């Protein structure tokens, strides 16, 4: 009798502990389902460009420490090298610019200051992109992946964990690099095709006997039209990098998926691209005028103006990357893909698998 009396309280205690664990498990599952529903509602809401900017600011305020760390460690070094043009050999730029001027003259374009400046700018951009490509495919691409991961963690109401990010990047890095290489090929192909078609058209007009001024005006109009097409290509490529991080696609499939996603949201993407481009161009112009070129004073202000402009450029790049990630969620909402299987991103799947491996 004594044994049974002592055993019964133990059994009841065990039952209470089991019931308590079941209740806590149910509460945790309810919290996870509510978090997922909140994330679902937050993601799947089509937004305008201004709303995307507001959402970006809200996300930045939620995880300011994580995004500032990304900007300081990954974006600032690239911005400093790009603005200063340390890796650019000016002799190569001059040779390439002279050859472009010769090609423009042979095609019938008048060598006006606008043409000379455009050839020099294009040569500098081409040499800078080629010399800085190792930075783009390492630090810049890693910063893109880190921003996408941080935005995804903000929407899923999870803490940004560096170890989990490293696990995700190690599993998805080939997909990200493959997509970035294909995006670079698309951008280079668009620029090459435009230059070939423009020179062929100008040569044809010159052979027919059109005035050189008419060729110049036609080239300017064609350049304006191409800028819209080129902006759409860059939007597709930027979104494709986000797609390959959040979905199980890469390379041409990610580009195709991105082009399908942005249908109906092209105007929003163009406004985002225009705002980011204007902001970066203004900072690059200020750096060129106030840091590189000594146009006033004794140059002592370079000590603080240079780092300040680098920080400003890094912040604009960070906002642009965050807006690209938010733009992906807005486009996915617009395409009406609201099934549960598509709501859960690849990042969550990899994180769950990493946690299951880490648990005994």
Inset, instruction - Put one equal scatterer on each alpha carbon of region 118-174, apply the Debye formula with no solvent term, and list log10 I(q)/I(0) at q = 0.19, 0.20, 0.26 1/Å to two decimals. - result: -0.72, -0.75, -1.01
Inset, instruction - In nm, give the distance between the simple-model label positions of residue 92 and residue 51, each being 7 Å from the Cα along the Cα-to-Cβ direction. - result: 4.6
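Counting other beta carbons within 10 Å of each residue's own, what order do 97, 259 fall into, fewest first?
Numbers: 97 22, 259 16.
The most exposed by this proxy come first: 259, 97.
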Inset, instruction - Grab the eigenvalues of the alpha-carbon gyration tensor for region 193-287, scale each by 5, take roots, and send me the semi-axes largest first in whole angstrom. - result: 33, 19, 11
Inset, instruction - Tell me the label-point distance for the pair residue 158, residue 305, using the 7 Å Cα-to-Cβ offset, in nm and rounded to one decimal. - result: 4.6
Inset, instruction - Give, to the nearest whole percent, the P(r) tail of region 79-201 beyond 23 angstrom, counting all Cα pairs. - result: 50
Inset, instruction - Could you please rank 257, 99, placing first whichever residue has the fewest other Cβ atoms within 10 Å of its Cβ? - result: 99, 257
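Regarding region 116-266, what's the average projected area of the Cα-atom convex hull, expressed in nm²?
Taking a quarter of the hull surface, the average projection is 11.1 nm².
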Inset, instruction - Going by C-beta contacts inside 10 Å, put 164, 105 in order with the fewest on the left. - result: 105, 164
Inset, instruction - For residue 228 paired with residue 187, estimate the spin-label separation in nm (one decimal), with each label point 7 Å from Cα along the Cα-to-Cβ line. - result: 2.2
Legend entry - For q = 0.23 Å⁻¹, Debye-computed log10 I/I(0) when each Cα of region 182-245 counts as one equal scatterer: -0.91
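Values quoted throughout were computed directly from the atomic coordinates according to the rules given, and no laboratory measurement underlies them. Computed from a prediction, not measured in an experiment: that's the story for all the values here. No Cβ is skipped: glycine too gets one built from the backbone with ideal geometry, and neighbour counts run over all protein chains shown.
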